[in-house]
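Okay, structure first, notes after.
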């Protein structure tokens, strides 16, 4: 009776997860194209963010120190140890486990891995978001931020600088060496989506380090500011033309 109940639950769950996968897969190339097209928006938001650095000198300095500490750590032997590699794999496993659970793909185990990709084994094929998530979701940075909530804001900036530096470096190394996920996603998609997504994510982290959630709101407002600015320019050009015809 128990086996029947489990099977009865698993069957509709599998059907729902397949439906989710098919819908998510439809967004793969539109997401890649959108990432490329909105890259100038992110550059614009970063440019505005750099002007705000003067208003938060202490936070900005500690964020940069956090980045510098990671750069120094990378040059030590600790960064080349199996322990460091296992931390990268653990973060990747955690990220994909969360996404698999959210998209109704029960995790059934963890396989062997020689840094060639995910160790997660889930029911069903999955989708591009589950595969790409470890390469643009800064899970380690978020965990470090949660731990740093007990610290002063200035020290949290240092932790965030360290965390986002780790994320970008880990993504760059894994993409350079190649993993099973990047091969399934395809080189073209990875080049279109991942750099733009990580540039945006790092901007959000830096904005939060400077001014908390208000900083994130300001960054997103500036991110949408470029199309609004261009639209206002076109509107100003169109008004005189309309007036002259009248």
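The values are calculated or read from the model by the stated rules, or taken from the named source; none is laboratory data. Keep in mind that what you see is a predicted model, and the values were worked out from it rather than measured. Note that we place each Cβ from the backbone using ideal geometry, even for glycine, and neighbour counts take in every protein chain shown.
Quick check on region 105-114. Is at least one of its residues crowded, with 21+ Cβ neighbours inside 10 Å and either in contact with a strand residue (DSSP E or B) (Cβ under 6 Å, 6 or more places away or on another chain) or modelled with pLDDT of 95 or more (or both)?
Within region 105-114, one or more residues are crowded, with 21+ Cβ neighbours inside 10 Å and either in contact with a strand residue (DSSP E or B) (Cβ under 6 Å, 6 or more places away or on another chain) or modelled with pLDDT of 95 or more (or both).
Any residue at all in region 179-196 that is more than 21 Å from residue 33 (Cβ to Cβ), in contact (Cβ under 8 Å) with a residue 12 or more places away in the chain and buried (at least 19 other Cβ atoms within 10 Å of the Cβ)?
The answer is yes; a qualifying residue exists.
Considering every residue within region 204-224, establish whether at least one is farther than 18 Å from residue 153 by Cα and not in a helix (DSSP H, G or I).
yes
Among (1) under 16 Å from the mean Cα position of the chain (by Cα); (2) in contact (Cβ under 8 Å) with a residue 60 or more places away in the chain, there is one condition residue 105 misses while meeting the rest; what is its number?
(1)
Of the residues in region 216-235, how many are at pLDDT 90 or above and either buried (at least 21 other Cβ atoms within 10 Å of the Cβ) or closer than 18 Å to residue 37 by Cα (or both)? Can you show your working first?
In the first step, residues of region 216-235 are kept if they are at pLDDT 90 or above; the result is 216-223.
Next, from what is left, pick out any that are either buried (at least 21 other Cβ atoms within 10 Å of the Cβ) or closer than 18 Å to residue 37 by Cα (or both): 219-223.
The total comes to 5.
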